[in-house]
1. Tell me the residue from Asp85, Asp74, Asp100 that is surrounded by fewer than 12 Cβ atoms within 10 Å (Cβ to Cβ) and outside any loop (DSSP other than H, G, I, E, B), please.
2. If I filter region 15-29 down to residues being in a helix (DSSP H, G or I) and of a type in the set (Lys, Arg), which single residue comes out as nearest to His61 (Cα to Cα)?
3. Go through region 87-133 and report how many residues are touching a Phe, Trp or Tyr at 6+ places or on another chain (Cβ under 9 Å) and either at positive phi or not aliphatic (A, V, I, L, M) (or both).
4. Going through region 103-133 one residue at a time, which ones are at pLDDT 95 or above, aliphatic (A, V, I, L, M), in a loop (DSSP other than H, G, I, E, B) and closer than 16 Å to Thr10 by Cα?
5. Give the residue that is farthest from Leu4 (Cα to Cα), with candidates limited to residues of region 35-71 that are touching an Asp or Glu at 6+ places or on another chain (Cβ under 7 Å) and assigned to a strand (DSSP E or B).
6. Check off (1) surrounded by fewer than 20 Cβ atoms within 10 Å (Cβ to Cβ); (2) under 11 Å from the mean Cα position of the chain (by Cα) for Ser18 and give me the number that stays unchecked.
7. Go through region 112-126 and count every residue that is surrounded by 15 or more Cβ atoms within 10 Å (Cβ to Cβ) and among the aliphatic types (A, V, I, L, M).
Amino acid sequence: MTDLVFFYGTLMSVFRRSGRSRIESKLSPQGRGWIGATLFDLGIYPAAIPAADSRVRGEVHRMQDAESVLAVLDEVEGFRPTEPDASLYMRVETPVTFDDGRVATAWAYFYNAPLGRAPRIESGDYLEHLKVK
């Protein structure tokens, strides 16, 4: 099991989300990179869907005490390990490519509900999409 986690939406550092503040002391930034996925704008947060032909950019963090960090993230993301089909997001180990070309395995949360008419974020970069610095 990997001790890395990939954030591509409102759990990224710049947003200061309350759910993230509960685990901040157990995260150490490892850099930025991308996963194979397509990104959609759901309004208040984004949704990534696995895809081989597009990329989603985000942050990679190393977790100290991964089990407790993942328990908090599962709650924040609406992932129920015992009921994956009923979960809003699914937690999946997936390859992440760092900006320097290194590849590692990290946990990422993929959307697990209907997208409706959510527009695609063509750049795959939620920060760029919101024009956040």
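1. Asp85
2. Lys26
3. Qualifying residue count for the region: 18.
4. Ile121
5. Here the residue is Arg57.
6. Among (1) surrounded by fewer than 20 Cβ atoms within 10 Å (Cβ to Cβ); (2) under 11 Å from the mean Cα position of the chain (by Cα), the lone unmet condition for Ser18 is (2).
7. 2
Listed here are the residues, each with its yes/no results for (1) in contact with a Phe, Trp or Tyr (Cβ under 8 Å, 6 or more places away or on another chain); (2) surrounded by fewer than 16 Cβ atoms within 10 Å (Cβ to Cβ).
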position: Leu4; (1), (2): yes, no
position: Ser25; (1), (2): no, yes
position: Gly31; (1), (2): yes, yes
position: Asp53; (1), (2): no, yes
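The values are calculated or read from the model by the stated rules, or taken from the named source; none is laboratory data. Just so we're clear, the structure is a prediction, and the values are computed from it rather than from any experiment. Every residue, glycine among them, receives a Cβ derived from its backbone with ideal geometry; neighbour counts consider all protein chains shown.
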